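Asks: Below are the structure tokens for one structure; questions will follow.
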């Protein structure tokens, strides 16, 4: 794992998102599952659905990071693309009835920053691993 930026990033991000998902449940007691406004965890607004999503993203990243370079690249790129979409859509959802994961401005910044890091590492690092996999597929 020390030699793969993708595995390291996926593992660290996975652990952090899992922790945030768990901690979120301590502040969302009494908040509706799809509430458009949640309670604040540090500076981020969360509701129970948001917590479940953090747990799923964290688990996917952690499993990918602990599995293989190819798995880590795949999950980093996929989660990065999803977070890019969520970050952009979040700019338009805050304050509307469609904001079912209780996004706020800080969430949008975090999602966009996570997208840049995950996509940047997922698409640019560990090229040898993906080239080796492509050659093995071609044979």
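Nothing in this text is a laboratory measurement; each read-out follows from the coordinates by a stated rule. Please read these numbers as outputs of a predicted model, since none were measured by experiment. Positions of Cβ are generated from backbone atoms using ideal geometry, with glycine treated the same way; all protein chains shown enter the neighbour counts.
Asks: Just to check your reading of the model, which residue among 57, 101 is out of contact with any strand residue (DSSP E or B) (no Cβ under 6 Å at 6 or more places or on another chain), in a loop (DSSP other than H, G, I, E, B), on the phi < 0 side of the Ramachandran plot and surrounded by 15 or more Cβ atoms within 10 Å (Cβ to Cβ)?
Replies: 101
Asks: With at negative phi and buried (at least 19 other Cβ atoms within 10 Å of the Cβ) as the only criterion, which of 74, 21 stands out?
Replies: Criteria check complete, one pass: 21.
Asks: Quick one: count up the residues across region 69-97 that are touching a residue at least 12 places away in the same chain (Cβ under 8 Å) and in a loop (DSSP other than H, G, I, E, B).
Replies: 3
Asks: Here's a follow-up. Looking only at region 26-40, which residues are outside any loop (DSSP other than H, G, I, E, B) and exposed (fewer than 15 other Cβ atoms within 10 Å of the Cβ)?
Replies: Answer for region 26-40, where residues must be outside any loop (DSSP other than H, G, I, E, B) and exposed (fewer than 15 other Cβ atoms within 10 Å of the Cβ): 26, 40.
Asks: Can you pull out every residue in region 6-18 that is surrounded by fewer than 18 Cβ atoms within 10 Å (Cβ to Cβ) and over 14 Å from the mean Cα position of the chain (by Cα)?
Replies: 8
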